[in-house]
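Heads up, the thing below is written out as structure tokens.
The values are calculated or read from the model by the stated rules, or taken from the named source; none is laboratory data. Here the structure is a predicted model, which means the values were calculated and not measured. Don't worry about glycine lacking a Cβ; one is built from the backbone with ideal geometry, like all the others, and counts go over all protein chains shown.
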């Protein structure tokens, strides 16, 4: 109890020096904690977002671009796959289910994804939060954070505002019939529609564009004379046109682990690419790991500089207390108790600073994660793990040893010499 009272009195007398020590240690700790937490949050968040995508099939191109465009719905041009590839995959016994993906349209910045009910219902393993899956063209199932409700309608826009080739399809309207449960990814803002609807929208656009350049499509003058025959022929031609539009990628849920590798081997050809998103992310994590290592080295250098400055400040701080310590010694205070008091005071300041730094680092990582989540669309979980706890313990032990040095300086000095020097 007496030691605590002395510590409080000492803190009041040297408030500026104590606060400076706490600030420097807290800043150093916060920097390291933020870097470590943020790297893990990004790694775990992206891995969680890719969980539903076991295998992706796409046209030849960049594997990273394919993963970013499909898993994270990042706008990026992809070469199209022929629909015959999807039909072949769908009939493959190694595939539990397969879903096409068609991108390019948006509504208020949210991606419209052409697909099938296999993806909507995760092959029957997922229930909708509200409503039902789409059953016909121009029905939509929307993500939990889309802001749309059952019965709402929306019109697609090809591309996004600000892009040179964007254009609206105001004559087209989708109706919301279902809402997906939240999953903590960019897909919470995705608008899922039948892929045939996406094809039909772009077929109409191509047809209208063609009609402006020519007097009219073949057979235009006969349409009123042969309604029934025209409808039949239109359905046939429409189906044929849809077959030619293709898709951006195919998501496959394999029947088994072995089946997944068999499918990848089968579709890793000159005309198609097959990738495991998890493998691509591991390569990305390798780049992140290098970045983390650089940041950690920066953090270590910062800590060394802070430790050096801290040691100098502590020495100056204790030099200002030499007269007080010498007086205690002359009045009979045991040298060991004075040493413990000074050392304990430094340990308390270091402990408070490290706890404060950990809290600041955690809050900073949370704020950064929230900002990145709004941009990327997937949740970045921030949590203190074994790595952070070991870092705190190691640094605390190091700080305790460091605090011994200035305490020993005062321990060994003669109080008479101290008072004589201060009087001079």
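Miscellaneous remarks
- The number of residues in the range 41-61 being modelled with pLDDT of 85 or more and part of a helix (DSSP H, G or I) comes to 1.
- Any hit, the range 92-100, residues being within 26 Å of the chain's Cα centre (by Cα) and surrounded by fewer than 21 Cβ atoms within 10 Å (Cβ to Cβ): no
- Members of the range 62-91 found to be in a loop (DSSP other than H, G, I, E, B) and either surrounded by fewer than 16 Cβ atoms within 10 Å (Cβ to Cβ) or out of contact with any helix residue (DSSP H, G or I) (no Cβ under 7 Å at 6 or more places or on another chain) (or both), listed by number: 62, 74, 75, 77, 79, 80, 82, 91
- Looking at 114, 61, just one residue is more than 19 Å from residue 266 (Cβ to Cβ) and assigned by TED's automatic domain parsing to the domain that holds residue 183, and that residue is 114.
- Filter result (surrounded by 13 or more Cβ atoms within 10 Å (Cβ to Cβ) and assigned to a helix (DSSP H, G or I)) within the range 371-386: 372, 373, 376
- Listed by position, the strands (runs of 3 or more DSSP E) inside the range 191-298 whose residues that are at pLDDT 80 or above, closer than 30 Å to residue 132 by Cβ and touching a helix residue (DSSP H, G or I) at 6+ places or on another chain (Cβ under 9 Å) number at least 1 are 191-194, 249-254.
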